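Just below is one structure, and these are the notes that go with it.
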Amino acid sequence: MSKPASDPGTGGVDRELTMSRAMVDAIASEMRADDEVFYMGEDVQDYGGIFDSTEGLLEEFDRDRVMDVPISETAYVGAAVGAAQAGMRPIAEIMFADFVGVCLDQVYNQMAKNTYMSGSAVNVPMVLTTAVGGEYNDAAQHSQTLYGLFSHLPGMQVVVPSTAYDAKGLMHAAVRSDDPVVYMFHKRLMGIGWMPAPEGPKTPVPEDDYTVPIGEADVKREGGDVTVATLGLHVHRALDAADQLADDGVDVEVIDLRSLVPFDTETVLDSVEKTGRLVVVDEDYQSFGVTGEVVARVAERSPDALEAVERVAIPDVPIPYSRPLETEVNPQVEDIVAAVESVE
Amino acid sequence: MVGVNTLREMYEQMVTARRYEQRLQEEYLEGKQPAFDISAGPIPGELHLAAGHEAAAVGVCAHLDDEDTVTAPHRPHHVAIAKGVDLDRMTAEIFGRETGLCKGKGGHMHLFDPDVNFACSGIIAQGCPPAVGAAMAADKRNEDSVAVAYLGEGAVDQGAFLESLNLAAVRELPVVFVVEDNDWAISMPQDRITDVDTIAERADGFDMPGVRVDHDDAIAVYEAARDAVGRARNGNGPTLLDVQVHRRMGHFMGDAEGYRPDEDSERAQRLDAIERLADDLRDRGVDDAELQELRELAEDRVEDAIEWAKAQPEPDPADAHEDVFVDDPAAASGGDD
Ligand SMILES: Cc1ncc(C[n+]2csc(CCOP(=O)(O)OP(=O)(O)O)c2C)c(N)n1
């Protein structure tokens, strides 16, 4: 990779892509380069993935490499584990992260543990893709991110792109990784026709392959007063909040965590050592999750630097359906502004 | 022979369900124009409508009482109507209102009406185990109520369904599994994902009867369900009922169905179980004027429910924090309750 991830907007790239186009770009390139890479999931052939995660692949690859599968997540996610252990590079999609419940054993007892349990005698070079997130009133069983659940269970790397540039680079890195990688794409960022996305995730994306290293956070906006660490959709909300706060003279630094496992503690620490104030924003349940983990890492390593801290997350309730209720529990730009003001 | 009054009631429910889906479609799309935005308009989120599935709902539920349990999947409205779910409060729920069945928390895929023992869930096949549980409760208490689990033909490859068949069979529980076979699981045709000619054959491996109703016909469903529900009620164990229906709309609203051959969509429009039942009623001496009257009654009922629902208040945002537990120790110690 020739240029820093935080600077995707320059370097002579004039091709702007949505996040879904960038993700598919990387998948197609990996499939072209390696016959052992294949994609399976529900509605990934003629539909192109409900959230456009495979849109267009069937034009270039046959139905054995872009495979529709029965609604049997245990069987096909487990089959990806087996094919990966046989040396292939499968990508398996769980249509919504919420559906992991029906196949959790294959994910956390098999995919995630086989490397360790075997003392690295086997490894599982697969990618598990899944759509996450809410803010379109799809209610309790179709709106979760479950970032913390996947990250809590050891043995899988977890990445969450928030821009097209990162989506492509992280997908290349995920397919090439010799370990299982969970690649979580936020529905609201994909740039799907029927689900309008904010402008931010659409970025210049180089034609050539490049990787965004797994385990590196990215400072999406530099600032000296308050650190906001977040991921996914809420990177864009934090950037909006930072713009508003800038008008009031508050200079916010926005860190896109981008990888949850492995976690880039250094980037967060460096920022907090500069600002002394930390707000962690997450579209997952607050307790026992990502926000608590980030705060704990900073508190362990730099307790003296941390003058004030706030968390903004889903307040430990299932995601409600009705619009005013979902808006209440899912962190909004105003909630981030208020949290920054409260630590400021 | 099915009595003409029963047929009349089934017809009325079918036209109510059809009208309901047509009107919800209109309401849903309002505010999503000109560019479709799933989160805009008076009904947000995904919406799975069941036009073309009505025969499977009314033919089975005609044999059920309020005490009998029904679980439905992500496409639940027609089954809810046939089971007697409160139409006003169901509609208010779909519009996300405070007086909805679930106070606006559940939404269209998660409707609960304990008064008539109806529930649904948006995760494929996951209504099957709770239906087995309702049957287990009836069995343990020596009650004669039964449970019915509805699912699509795409759901039959899910562990929760197959495990439920086995548990129900081995315990001889009063359950009827009703597969609504509309040939499609979103964009996946049945023969791409399930390698049997008919889903009814699945029953063979579980030592239970598997019955196929191969045409979309309310009377045929009624007759097959009479045996299946009767068998369950009499303590003779579960049945798998596999009913051919037709998907007259997209999988969800906004689905342009680019994957679906035109002939298949046209066929679904042509083979209309409601028209078929109307013909049967005419043969049994019910005249067009009376059928027209039944349709108008249904239209009025639907219109009243929608009007009532839209006049209901939206929930107070603070309510989002309630109902995680019925008995919340933290709230109790706060002294508010
Ligand atoms: C475990 C799980 N996997 C996938 C989905 C996504 N999904 C929702 S409906 C559907 C297709 C269901 O097809 P079918 O059971 O035939 O019912 P139909 O929609 O045709 O009525 C799928 C795959 C889900 N809700 N749950």
Where both residues lie in region A:88-195, what percent of DSSP beta bridges are antiparallel, nearest 5? 5 percent
Of B:Ile43, A:Val279, B:Thr16, which is farthest along the charge dipole of the protein assembly as shown in the positive direction, counting Lys and Arg as +1 and Asp and Glu as -1 at C-beta? A:Val279
Restrict the search to region A:228-309; then list the GluC sites (Glu not before Pro) that DSSP places in a loop and that have at most 15 other Cβ atoms within 10 Å of their Cβ. A:Glu307
Given the options B:Asn117, A:Asn123, A:Ser342, identify the residue whose Cα lies farthest towards the positive end of the charge dipole of the protein assembly as shown (+1 on Cβ of Lys, Arg; -1 on Cβ of Asp, Glu). A:Asn123
Nothing charged except the Cβ atoms of Lys and Arg (+1) and of Asp and Glu (-1): what's the magnitude of the dipole of region A:218-343 about its Cα centre? Round to the nearest 20 debye. 280 debye
How many partner chain Cβ atoms sit within 10 Å of a residue's Cβ in peptide A:38-51, on average, as a whole number? 3
Please compute the modelled spin-label separation between B:Glu322 and A:Ser287, points set 7 Å along Cα→Cβ, answer in nm with one decimal. 2.0 nm
Please label the shape of region B:4-312 as rounded, prolate or oblate, based on the square roots a ≥ b ≥ c of the eigenvalues of the alpha-carbon gyration tensor (a/c under 1.5 means rounded; beyond that, a/b larger than b/c means prolate, else oblate). rounded
Which loop trypsin sites (Lys or Arg not before Pro) in region B:195-287, with loop taken from DSSP, have no more than 15 other Cβ atoms within 10 angstrom of their Cβ? B:Arg284
Please check: in the Gaussian network model of chain B (C-alpha springs, under 10 Å), which one of B:Ala125, B:Ala82, B:Ala169 has the largest mean-square fluctuation. B:Ala169
Let's test the formula: R0 of 60 Å, r as the Cβ-Cβ distance of B:Asp66 and B:Val196. What FRET efficiency results, to the nearest 0.05? 0.95
Taking chain A as a Gaussian network, Cα atoms linked when under 10 Å apart, which of A:Ala84, A:Ala92, A:Ala246 shows the biggest mean-square fluctuation? A:Ala246
Would you count, across region B:4-312, every pair of lysines whose alpha carbons are under 26 angstrom apart, provided the pair is eight or more residues apart or spans two chains? 9
Cβ neighbours within 10 Å from other chains - mean over A:64-70: 3
Identify which of A:Ala28, A:Ala296, A:Ala164 has the largest mean-square fluctuation in a Gaussian network model of chain A, with springs joining Cα atoms closer than 10 Å. A:Ala296
What GluC sites (Glu not before Pro) in region A:118-209 are in a loop by DSSP, with at most 10 other Cβ atoms within 10 Å of the Cβ? A:Glu199, A:Glu207
What is the magnitude of the charge dipole of chain B about its Cα centre, with +1 placed on the Cβ of each Lys and Arg, -1 on the Cβ of each Asp and Glu, and no other charges, expressed in debye to the nearest 20? 480 debye
How many Cβ atoms of partner chains, on average, are near each residue of B:234-241 if near means within 10 Å of its Cβ? 0
Can you give the FRET efficiency for A:Arg301 and B:Ala35, using 1/(1 + (r/R0)^6), R0 = 45 Å, r = Cβ-Cβ distance, to the nearest 0.05? 0.40
Over chain B: helical MRE at 222 nm, DSSP H runs n ≥ 4 each giving -39500 (n - 2.57), nearest 500: -13000 deg cm²/dmol
Which FRET efficiency value, to the nearest 0.05, is calculated for A:Asp251 and A:Ala33 with the Förster distance at 56 angstrom and r the Cβ-Cβ distance? 0.80
Ignoring everything except DSSP H segments at least 4 long, calculate the 222 nm mean residue ellipticity for chain A; use -39,500 (n - 2.57) per segment, divide by total residues, nearest 500. -9500 deg cm²/dmol
Note to self: Kirkwood Rh of the protein assembly as shown, Cα pairs, one decimal, Å, is 26.5 Å
Looking at chain B, what % of its DSSP beta bridges pair antiparallel, to the nearest 5? 15 percent
Just how large is the dipole of the protein assembly as shown about the Cα centre, in debye to the nearest 20, putting +1 at every Lys and Arg Cβ and -1 at every Asp and Glu Cβ? 1200 debye
For the pair B:Lys310 and A:Tyr116, how long in nm is the line joining their label points, each one 7 Å along Cα→Cβ? 5.5 nm
For B:Arg282 and B:Arg267 in the same chain, what is the full-extension length gain: residue separation times 0.36 nm, less their Cα-Cα distance, in nm? 3.1 nm
Put in order of increasing Cβ neighbours within 10 Å, starting from the fewest, B:Arg19, B:Arg89 give B:Arg19, B:Arg89
Just tell me which lysines come within less than 24 Å, Cα to Cα, of A:Lys168; anything on the same chain fewer than 8 places away is out. A:Lys3, A:Lys187, A:Lys202, A:Lys220
I'd like to know which of A:Asn330, A:Met19, A:Leu153 lies farthest towards the positive end of the charge dipole of the protein assembly as shown, counting +1 on Cβ of Lys and Arg and -1 on Cβ of Asp and Glu. A:Leu153
Over region A:14-206, what is the percentage of antiparallel beta bridges among all DSSP beta bridges, to the nearest 5? 10 percent
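Throughout, read-outs are computed from the coordinates displayed, never taken from laboratory work. From a predicted model like this one, the values you see are computed outputs, not experimental measurements. Every residue, glycine among them, receives a Cβ derived from its backbone with ideal geometry; neighbour counts consider all protein chains shown.
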